[in-house]
Amino acid sequence: MKALLIVDLQNDFLPGGALPAPDGNNIIPVVNNLMEDFHFVIASKDWHPNESVHFEKWPVHCVRGSLGSKFPAALKSKNIDLVLRKGTEDTDDGYSAFEATNVNLVDVLNEREVTELYVCGLTTEYCVKETVLDAIKNGFKTFVIKNATEAVKANPGDEEKAWKVMYEAGAVIVDDIKYNGLSA
Ligand code: VGL
Ligand code: ZN
């Protein structure tokens, strides 16, 4: 069984938001299409308290319940089966979706007999990368859908490095799974 995991596709990571991936809007229609191909769709949300050590590194973003924390209106969010909340404490960054505090993601995936995890979303260098590395560590066959993933581009070179790190850790980078015959 395969599942789609959409990482942090939230207003604050899109143009006009507090910490935008400059080309983030490009992935919304791609993700809308992808969701049709999966029986189990999970989406993580960065869900920070008002004050957090995380905001020593980053502008204030994705404060729980704020407009910036919401899914963009253009995302067909009714197709999401499970929302994960992460970065919920003020103690650390909580980049990885496997650090969700409302559910134990490993348990959920095991219960649903998910063996193949397809990851996409925002942002390549941080939450997508950390989620992918944790997925591999936990033994899931992990794909990253490149044309449904965008970078925040905070530091030059980090985006390329993130793709390399994910690839070298064992992630399979796919471009558009519809055209690779993997979506059946
Ligand atoms: C993220 C920076 C800070 C992300 C979250 O979703 O990639 N990046 N918080
Ligand atoms: Zn954050």
Summed residue charge, Cβ within 12 Å of Phe40's Cβ, Lys/Arg positive, Asp/Glu negative: -3
Extension length gain for Asn79 and Ala154 (0.36 nm per residue less Cα distance), in nm, is 23.9 nm
So the FRET efficiency between Asp107 and Asn50, C-beta based with R0 = 35 Å and rounded to 0.05, is 0.75
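Past 23 Å, Cα to Cα: identify those pairs from Lys57/Lys129; Lys45/Lys76; Lys2/Lys78; Lys70/Lys137; Lys78/Lys161; Lys57/Lys141, in the order given. If you can, show how the numbers build up before the last one.
Numbers: Lys57/Lys129 18 Å; Lys45/Lys76 15 Å; Lys2/Lys78 19 Å; Lys70/Lys137 29 Å; Lys78/Lys161 34 Å; Lys57/Lys141 32 Å.
Distance filter (> 23 Å) returns Lys70/Lys137; Lys78/Lys161; Lys57/Lys141.
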I'd like the orientation of helix 158-169 relative to the chain: the angle between its Cα long axis and the longest Cα principal axis, in ° from 0 to 90, rounded to 10. 40 degrees
Phi angles of region 79-84, converted by Karplus (6.51 cos²θ - 1.76 cosθ + 1.60, θ = phi - 60°) into ³J(HN,Hα) in whole Hz with x for Gly and Pro, give 7, 8, 8, 8, 9, 9
Cross-link partners of Lys86 among aspartates and glutamates (Cα-Cα below 17 Å; sequence separation of 8 or more within a chain): Asp8, Asp12, Asp46, Glu51, Glu99, Asp107, Glu125, Glu130, Asp134
Computed over region 2-180, the ratio Rg/Rh where both radii use C-alpha atoms and Rh is Kirkwood: 0.93
Choose one of His54, Asn33, Leu14: the residue whose Cα lies farthest towards the positive end of the charge dipole of the chain (beta-carbon charges +1 Lys, Arg; -1 Asp, Glu; about the Cα centre). Asn33
Looking at region 82-142, which trypsin sites (Lys or Arg not before Pro) are DSSP coil and have at most 16 other C-beta atoms within 10 Å of their C-beta? Arg112
Heavy-atom accessible area of the chain with neighbours in place, 1.4 angstrom probe: carbon+sulfur share in percent works out to 48 percent
What does the charge count around Asn147 come to, taking other residues whose C-beta lies under 9 Å from its C-beta (Lys +1, Arg +1, Asp -1, Glu -1)? -1
At 222 nm, what helix-only mean residue ellipticity would the chain give, in deg cm²/dmol to the nearest 500, using -39500 (n - 2.57) for each DSSP H run of four or more? -5500 deg cm²/dmol
Cβ-based charge dipole, region 58-182, positive-most Cα from Tyr95, Ile80, Thr149: Ile80
Multiplying the sequence separation of Ile173 and Val30 by 0.36 nm and subtracting their Cα-Cα distance, what value in nm do you get? 49.9 nm
Around Glu116, with a cut-off of 12 angstrom between Cβ atoms, what is the net charge of the other residues, counting Lys and Arg +1 and Asp and Glu -1? +2
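The values are calculated or read from the model by the stated rules, or taken from the named source; none is laboratory data. Model, not experiment: these values are computed from the prediction. Using ideal geometry, Cβ is built from the backbone for each residue, glycine included, and neighbour counts are taken over all protein chains shown. We work out accessible area using only protein heavy atoms, side chains counted, and drop any ligands, DNA or RNA first. Shrake-Rupley method; radii C 1.70, N 1.55, O 1.52, S 1.80 Å.
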